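The values are calculated or read from the model by the stated rules, or taken from the named source; none is laboratory data. Quantities reported herein were computed from a predicted structural model and do not represent experimental measurements. Cβ atoms come from the backbone with ideal geometry, glycine included; neighbour counts cover every protein chain shown. Calculation scope for accessible area: heavy atoms of the full protein, side chains included, ligands and nucleic acids excluded. Shrake-Rupley method; radii C 1.70, N 1.55, O 1.52, S 1.80 Å.
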Amino acid sequence: MEVPKDQISTLLDQGLYSSAQMLGCFLVSSPAANAESTPHLKSESLVLLGDALFREREYRRAIHTYKQALQYYKIIPKQNSTTARSSLQSNRSSSPNSFNMSAINENEVKFKIASCYCALSDNRAALVEMEGIPSKARNLQMNLLLGKLYRYARHNRAAIAYYKECLRHCPYVFEAIIALAELGTTAKDIISLFPQTANRSGKTPFDHFDSNRWLPRYVEAQCCIASNDYKGGLELFLDLLQRFPNNIHLLLEVAKVEAIIGKKDEAIMNFEKARSIDPFIVTYMDEYAMLLKIKSDYSMLNKLVHDLLNIDPTRPEVFVALSVLWETKDERGALAYAEKSIRIDERHITGFIMKGNLLLAMKQPDAAVSAFRNAQELRPDIRSYQGLVHSYLALSKMKEALYAAREAMKAMPHSAKALKLVGDVHASNSGGREKAKKFYESALRLEPGYLGAALALAELHVIEGRNGDAVSLLERYLKDWADDSLHVKLAQVFAATNMLQEALSHYQAALRMNPQNEAAKKGLERLEKQMKGVDPDAPEDDEDNEVDDADGDQEEAELL
């Protein structure tokens with residue numbers, strides 16, 4: 001009895017991959033698929049078996065099977081090849097999005113082999129397979145995969161070329177839009193790639209969205225974010241969200257940008273809104289976990305991690321969220337989870353940022369530098385710059401810290417956080433405090449509500465003995481900001497000026513807002529000693545570590 005080849009196609013189409021794999025074993029061992037007399041049937045059968053193995057995620061077996069198919073395909077006489085193709089045509093789906101081929105096609109099989117290698121994170125082997133496909137034979141899927149592989153290999157010019165080719169065929173390849181934005185292509189250049197040829201009705205494919213310009217505005221938003229113009233990008237995303245309310249993708253993009261620029265409450269609200277619409281989202285949930293940790297909302301963080309583990313425990317975001325949860329319990333365990341997220345996806349930026357922050361907290365700044373550098377190479381944002389600067393300061397590498405801070409300021413000339421970062425470097429030595437003051441004040445002029453710069457400036461006032469100025473500055477912010485860190489800083493200033501009752505009041509206010517605030521706990525413990533007349537340990541004077549950089553001073557003056 002002959003093994004029915006069309007039935008394996010049916011099983012694959014119905015998603016019954018295990019049964020398809022078993023039937024495929026019968027098919028390839030059938031006397032009808034004899035390698036010598038009917039090599040075309042043998043190769044077709046092996047491709048079908050390879051498809052089943054691929055769907056079962058048995059990637060190495062699939063690669064081995066596909067390569068066997070190609071070997072038999074090469075010995076098919078040319079005159080039989082056409083017949084073999086047509087004989088199978090009626091039995092197989094011709095969908096370009098399906099791995100189930102309509103006939104044996106050498107280029108399609110190579111693409112499948114490359115896809116298997118990608119699933120195994122062997123991008124170099126995948127690229128070798130893809131480069132074996134002639135350029136004229138490449139379809140949209142192939143061009144997108146080539147763009148990704150060249151980008152992973154840091155061949156950015158080639159990656160850009162293939163991503164552009166994708167958009168020439170279809171303007172809705174969002175992966176290509178985002179990748180081109182991150183690779184530095186301008187919004188104008190990206191939009192110019194969209195097809196403009198008229199169809200039978202006389203309209204271009206672009207006409208139906210050109211009236212509202214939603215896709216071009218989406219491109220502009222991604223280009224703004226990629227160039228670190230977070231404010232411009234956020235405005236464009238919010239405008240799009242007005243047109244497409246409850247759009248989960250836009251909500252997540254908005255929340256992520258808000259998290260990066262420090263709009264914590266707004267970001268949490270948008271993450272929660274996205275989860276209320278679709279409670280099974282995993283994308284960017286590690287960013288949400290970090291925000292919950294900052295807010296010390298451990299009950300919500302616990303629930304989030306529990307939900308994510310039930311949704312998909314194989315995603316890198318889940319392990320970053322686990323790392324965030326474990327940070328307060330066991331830093332080494334948290335580090336192991338962060339490293340696991342990177343092993344799952346070696347391009348997961350949040351994993352590297354989390355790893356760097358943990359290493360810095362564990363007093364391993366050298367290793368932290370490496371983690372933040374990895375994050376920066378993938379896509380620089382303010383958090384990787386902050387991590388680098390703080391790591392270099394911990395290593396007393398002042399010039400490197402200043403260089404990294406200035407790089408952030410160049411990359412983000414309209415960012416108050418970048419200005420504050422340069423101020424932090426100058427503030428770390430007594431000779432640079434006046435410069436630090438100017439940078440903090442510039443950051444506050446640029447973004448009057450930036451609490452981080454206000455706290456840093458207040459700390460500078462205290463160090464230089466201007467406690468009254470520090471209190472005045474902080475109380476001005478207290479009118480508009482209900483923040484535990486603001487109360488802690490005020491308490492520290494009052495304690496330093498021996499106004500112990502006021503200090504006690506603010507420490508208590510901070511702990512009411514955030515019972516897990518460690519600075520408030522330690523400060524209150526120290527204050528209790530002072531109130532009992534016990535002199536707590538005096539802070540040690542930092543050694544001066546001045547940075548002499550005349551060229552940089554001129555550069556900073558121009559940027560300010």
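Quick one: count up the residues across the range 369-419 that are open to solvent by 30 Å² or more (accessible area, probe 1.4 Å), free of Cβ contacts under 8 Å to residues at least 40 places away in the same chain and of a type in the set (Gly, Ala, Ser).
Residues flagged as open to solvent by 30 Å² or more (accessible area, probe 1.4 Å), free of Cβ contacts under 8 Å to residues at least 40 places away in the same chain and of a type in the set (Gly, Ala, Ser) within the range 369-419 amount to 2.
Taking interchain pairs and intrachain pairs at least six residues apart, which have beta carbon atoms under 8 angstrom, with the first residue in the range 468-486 and among the hydroxyl-bearing types (Ser, Thr, Tyr) and the second at pLDDT 80 or above?
477/451; 477/454; 477/486; 485/451; 485/455; 485/510; 485/519
Does the range 307-319 include one or more residues that are open to solvent by 50 Å² or more (accessible area, probe 1.4 Å), of a type in the set (Val, Ile, Thr) and either part of a loop (DSSP other than H, G, I, E, B) or closer than 30 Å to residue 227 by Cα (or both)?
Yes; the residues of the range 307-319 include at least one that is open to solvent by 50 Å² or more (accessible area, probe 1.4 Å), of a type in the set (Val, Ile, Thr) and either part of a loop (DSSP other than H, G, I, E, B) or closer than 30 Å to residue 227 by Cα (or both).
Conditions first: (1) within 22 Å of residue 408 (Cα to Cα); (2) at pLDDT 95 or above. Residue 262 passes all but one, so which condition is the exception?
Residue 262 satisfies every listed condition except (2).
Considering only the range 320-331, I want to know if a residue exists there that is open to solvent by 50 Å² or more (accessible area, probe 1.4 Å), farther than 28 Å from residue 154 by Cα and hydroxyl-bearing (Ser, Thr, Tyr). Walk me through how you get there before you give the answer.
Kept after step one, since they are open to solvent by 50 Å² or more (accessible area, probe 1.4 Å), are these residues of the range 320-331: 326, 328-331.
Subsequent filtering for residues that are farther than 28 Å from residue 154 by Cα retains 326, 328-331.
Among the residues that remain, those that are also hydroxyl-bearing (Ser, Thr, Tyr) are: 328.
Yes, that holds for at least one residue.
Residues that are at pLDDT below 95, at positive phi, not aliphatic (A, V, I, L, M) and not in a helix (DSSP H, G or I): does the range 135-151 have at least one?
No, that holds for no residue.
In the range 135-158, what residues are among the small types (Gly, Ala, Ser) and surrounded by fewer than 22 Cβ atoms within 10 Å (Cβ to Cβ)? Let's see the steps before the verdict.
Taking the range 135-158 first, the residues among the small types (Gly, Ala, Ser) are 135, 137, 147, 153, 158.
Within the range 135-158, 135, 137, 153, 158 meet the criteria.
The rows are residues; the columns are (1) touching a Ser or Thr at 6+ places or on another chain (Cβ under 6 Å); (2) at pLDDT 90 or above; (3) assigned to a loop (DSSP other than H, G, I, E, B); (4) open to solvent by less than 20 Å² (accessible area, probe 1.4 Å).
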| position | (1), (2), (3), (4) |
| --- | --- |
| 27 | yes, no, no, yes |
| 45 | no, no, no, yes |
| 64 | no, yes, no, no |
| 71 | no, no, no, no |
| 84 | no, no, no, yes |
| 95 | no, no, yes, no |
| 108 | no, yes, no, no |
| 125 | no, yes, no, no |
| 133 | no, yes, yes, yes |
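Considering the range 260-302 alone, what residues qualify as being in contact (Cβ under 8 Å) with a residue 60 or more places away in the chain and either in contact with a Cys (Cβ under 9 Å, 6 or more places away or on another chain) or hydroxyl-bearing (Ser, Thr, Tyr) (or both)?
First, the residues of the range 260-302 that are in contact (Cβ under 8 Å) with a residue 60 or more places away in the chain: 260-262, 286-287, 290, 295-296, 298.
Matches in the range 260-302: 296, 298.
Consider the range 289-306. How many of its residues are of a type outside the set (Ser, Thr, Tyr) and open to solvent by 40 Å² or more (accessible area, probe 1.4 Å)?
Here is the first cut: in the range 289-306, the ones of a type outside the set (Ser, Thr, Tyr) are 289-295, 297, 300-306.
Next, only the ones that are open to solvent by 40 Å² or more (accessible area, probe 1.4 Å) stay: 293-295, 297, 300, 302-303, 306.
Going through the range 289-306 one residue at a time, the tally reaches 8.
Given the conditions (1) within 30 Å of residue 149 (Cα to Cα); (2) under 18 Å from the mean Cα position of the chain (by Cα); (3) of a type outside the set (Val, Ile, Thr), and given that residue 358 satisfies all but one, which numbered condition is not satisfied?
The failed condition is (1).
So the check is Cβ under 8 Å with 6+ separation or different chains; which pairs have a first residue in the range 165-190 that's on the phi > 0 side of the Ramachandran plot and of a type in the set (D, E, K, R) and a second one that's part of a helix (DSSP H, G or I) and open to solvent by less than 20 Å² (accessible area, probe 1.4 Å)?
From residues that are on the phi > 0 side of the Ramachandran plot and of a type in the set (D, E, K, R), there are no pairs.
How many residues are open to solvent by 60 Å² or more (accessible area, probe 1.4 Å) and either touching a Lys or Arg at 6+ places or on another chain (Cβ under 6 Å) or assigned to a helix (DSSP H, G or I) (or both) if we restrict to the range 345-368? Write out each step before concluding.
Of all residues in the range 345-368, those open to solvent by 60 Å² or more (accessible area, probe 1.4 Å) come to 346-347, 357, 363-364, 366.
Imposing the further condition that a residue be either touching a Lys or Arg at 6+ places or on another chain (Cβ under 6 Å) or assigned to a helix (DSSP H, G or I) (or both) reduces the set to 357, 366.
Qualifying residue count, the range 345-368: 2.
Does the range 331-341 contain any residue that is outside any helix (DSSP H, G or I), at pLDDT below 95 and not small (Gly, Ala, Ser)?
Looking only at the range 331-341, we keep the residues that are outside any helix (DSSP H, G or I), and these are none.
Checking the range 331-341: not a single residue is outside any helix (DSSP H, G or I), at pLDDT below 95 and not small (Gly, Ala, Ser).
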